[in-house]
Amino acid sequence: CSSEKAKAAALSFLPILTWLPSYPVKQYLFHDVVSGLSTGVVQLPQGLAYAMLAAIPPVYGLYSSFYPVLLYTFFGTSRHISIGTFAVISLMIGGVAVREAPDSMFYILPANGSNMSAVLDVEARDARRVQVAVVLTTLVGIFQIVLGLLRFGFVAIYLTEPLVRGFTTAAAVHVVISQLKYLLGVKTQRFSGPLSALYSLKAVLSDITSTNITTCILGLGCLVFLYVIKDLNERFKKKLPIPIPGEIIVVIVSTSVSYGLSLSDDYKVDVVGKIPTGLLPPAIPEFSLLPSLVTDSFAVAIVGFSMCISLAKIFALKYSYSVDGNQELIALGLCNFISSFFQTFAITCSMSRSLVQESTGGKTQIAGLLASLMVLVVVVAIGFVFQPLPQTVLAAIIMVNLLGMFKQFRDIPTLWRTSKIELTIWLVAFVASVLLGLDYGLLAAIAFAILTVIYRTQSPKSAVLGHVPGTGLYYDVNEYEEVSEYEGIKIFQSNSSIYFANSDLYVNTLKEKTGVNPEHLQAARKAWKKQRERANGNHGSPMKICAKYQEQGVTHEVLPLRHMAEEQMNGQLVDRHSDTDLEEVVFLEPLGTIHSIILDWTPAGFIDSVGAKAIKQVQSVIKEYASVDVQVVIAGCSRSLLSDLYALQFFTGMVTTEMVFPTVHDAVLHCRRSNSRTTAVPTSVAT
């Protein structure tokens, strides 16, 4: 414990202290001001819109666009990402809120006791859903802080890029379906859980005849206008000093039209409604809801962090600075945890706003700070202005902002050409998330992605290696024409570690590739011993074992040693076939002249006890059949792999460290030297 370590800890926990004292005002301030104002203009309508996705009143989207953004300025390490509301996270929160506080809980009978049907208490429902969203956000923050303190920033690597892109594409489908009723002005309930997307789509289509024409025309008009503006911004982004703020233009114009024409009263167009002026005082979340939200909050925490860190790393690489994954976890956790006491819902970074912040020249987190202050001015002073804003306009804003996610369908042909396993992950993540919902779909996608890793290691690519003439290099004989095998030596390589899931496959592939099956050889050896004992009991009658090789179409007769001298005359074998001969036929794999097998373990990272026992069994069986004299050696073991083998007591009995060599070439030289002796048991060919 020292002052230097305390200072380093403080700088790590508050990254703003590392760059703010040396902030170049003349070079950066103007760019940050322009970027902050541009981002704030986009953040205002998105905050209102994404609150609808979270199934809570729009004003809470403005709260979530202020507090977390302000806090990230002090704790975040990325200079370019825009923190705040995001469609995928908002939709996940909305699914939980609808599940915990469905409409069916808030129908009340009229107070006068008439025969009228029950009426939905919207205020009570919204208040309960806000409580659910706030508690969920608190738990999300706790998870992220704990994971950050435990240095679990690497957890995002389990969400591979194909998985995230398939998942976010499915989320875009959910969002569009959920916004159709607002775009058309149709009154339907909101569904959650498995198949909720299908139920929601069916409900909208079933009630499409009750579409509000005014709402539909206004929504489609805004949709077309925003699409055109987005396309112009994309095409002329190098010529435009700042992107055209299409969203704020649509909000201002539609709000003015709605107020001037009284769309809510005269045409029954749904509007945002009451927006209280000022900020809410801090309040303790309803922690009694915690037990039912643990799983959902962990999913939101991981997805939110993975979105944030992936985009942060892209900008850090582009502008040559570094981001700390663990500090990002802590920063997001603090933003969510502290802000939840001020009635916000969970946040992460937004790709569309981050691109606006970066393209308008943002240099540091000061841009995000100014954007949050702009939202604060609206909340405190002029929030009431947006009360006549039609909800269909917010639905149009949400849909247009999802265009980038729908472009991810272009991944399918690319992945088909490059990696079909990653394509399968993408499709499983998409289909599972659409059908099962975002929470269960994400779990299913992660489980499937892990299974693909197991599949790749359980079914690795195996090869027999050959020598490149004039070098010490060895490559697959089936892929390279110039390589050649040494006579009598088989070099076997499998590009995976050896553990319980693939040990049997490793041994079976070894037998197949090398052509040496120790079980068959052991059976032949036992038959030979048995026949020799019977031959000794029959006054030395010769015995023979016909090992019939299907590929070569010949048989080899293995003779007892004590009869070999009698039956060899002038270097030739006499005819030994008689009626009293004892014969046993054993079908063997062709041995040829194989005397050595080299196991190349260069790709192996580890080996478990099952894998060690399997290899040891092959070695011992082959060694026991001494007349064949096939030796097995190991090459290319890393230090960590050798440590595993020592810990597993692999080197005992016949298996010693003398069979281990640093490289394949060293093993080949050893096998060639050790095979200088001649075969102990002669054979003859019989037709």
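Data for the structure
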| item | result |
| --- | --- |
| Per-pair calculated FRET efficiency, R0 = 35 Å: residue 406 and residue 508 via Cβ, rounded to 0.05 | 0.15 |
| Accessible area in the full protein assembly, largest first, 1.4 Å probe, for 231, 103 | 231, 103 |
| Region 383-487, relative contact order [Cα under 8 Å, separation at least 6], % | 12 percent |
| Virtual paramagnetic centre 7 Å along Cα→Cβ of residue 234, amide N under 18 Å, in region 406-422 | 406-414 |
| Which label in (1) 26.8, 86; (2) 25.8, 78; (3) 36.5, 125 gives the computed Rg and Dmax of the Cα atoms in Å | (3) |
| Per residue accessible area in Å² of region 66-154, where ligands, DNA and RNA are left out and the probe is 1.4 Å | 41 Å² |
| Computed lengthening from residue 9 to residue 252, 0.36 nm per intervening residue step minus Cα-Cα distance | 82.9 nm |
| Mean separation of Cα contacts under 8 Å, 6 or more apart, over the residue count of region 222-329: relative contact order % | 13 percent |
| In Hz, Karplus ³J(HN,Hα) per residue of region 313-326 (6.51, -1.76, 1.60; θ = phi - 60°; x = Gly, Pro) | 5, 4, 5, 5, 5, 5, 10, 6, 9, 10, 10, 9, x, 5 |
| Dipole of the chain [Lys/Arg +1, Asp/Glu -1 at C-beta], most positive-end residue of 468, 514, 141 | 141 |
| Cut-off 10 Å between beta-carbons: net charge of the residues surrounding residue 214, Lys and Arg +1, Asp and Glu -1 | 0 |
| Carbon and sulfur %, accessible surface of the chain computed with the full protein complex present, 1.4 Å | 61 percent |
| Amide proton proximity set for residue 491, modelled H, under 5 Å, gap of 5+ | 465, 598 |
| Fully extended contour minus Cα-Cα distance, from residue 417 to residue 279, at 0.36 nm per residue | 44.4 nm |
| Most to least accessible of 416, 426, 528 (protein chains only, probe 1.4 Å) | 416, 528, 426 |
| Built amide H within the under 5 Å cut-off of residue 486, gap 5+ | 467 |
| Spin-label pair residue 610/residue 187, simplified geometry with 7 Å Cα→Cβ offset, distance in nm | 6.1 nm |
| Two-site label geometry, residue 26 and residue 310: point separation in nm, points 7 Å out along Cα→Cβ | 4.2 nm |
| The chain: relative contact order as a whole-number percent, Cα under 8 Å and 6+ apart | 18 percent |
| Using a Förster distance of 45 Å, the FRET efficiency for residue 495-residue 380 (Cβ separation, nearest 0.05) | 0.15 |
| Other-chain or far-sequence residues with amide H under 5 Å of residue 363's (modelled H) | 32 |
| Net length gained if the chain between residue 602 and residue 295 were fully extended (0.36 nm per residue, minus Cα distance) | 106.4 nm |
| 28 Å Cα-Cα threshold exceeded, pairs from 237/313; 238/420; 26/230; 529/616 | 238/420; 26/230 |
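The values are calculated or read from the model by the stated rules, or taken from the named source; none is laboratory data. All figures in this text were calculated on a predicted structure; none of them were measured in a lab. Using ideal geometry, Cβ is built from the backbone for each residue, glycine included, and neighbour counts are taken over all protein chains shown. The protein model used for the area step is the full one, side chains on, heavy atoms only, and it has no ligands, DNA or RNA in it. Shrake-Rupley method; radii C 1.70, N 1.55, O 1.52, S 1.80 Å.
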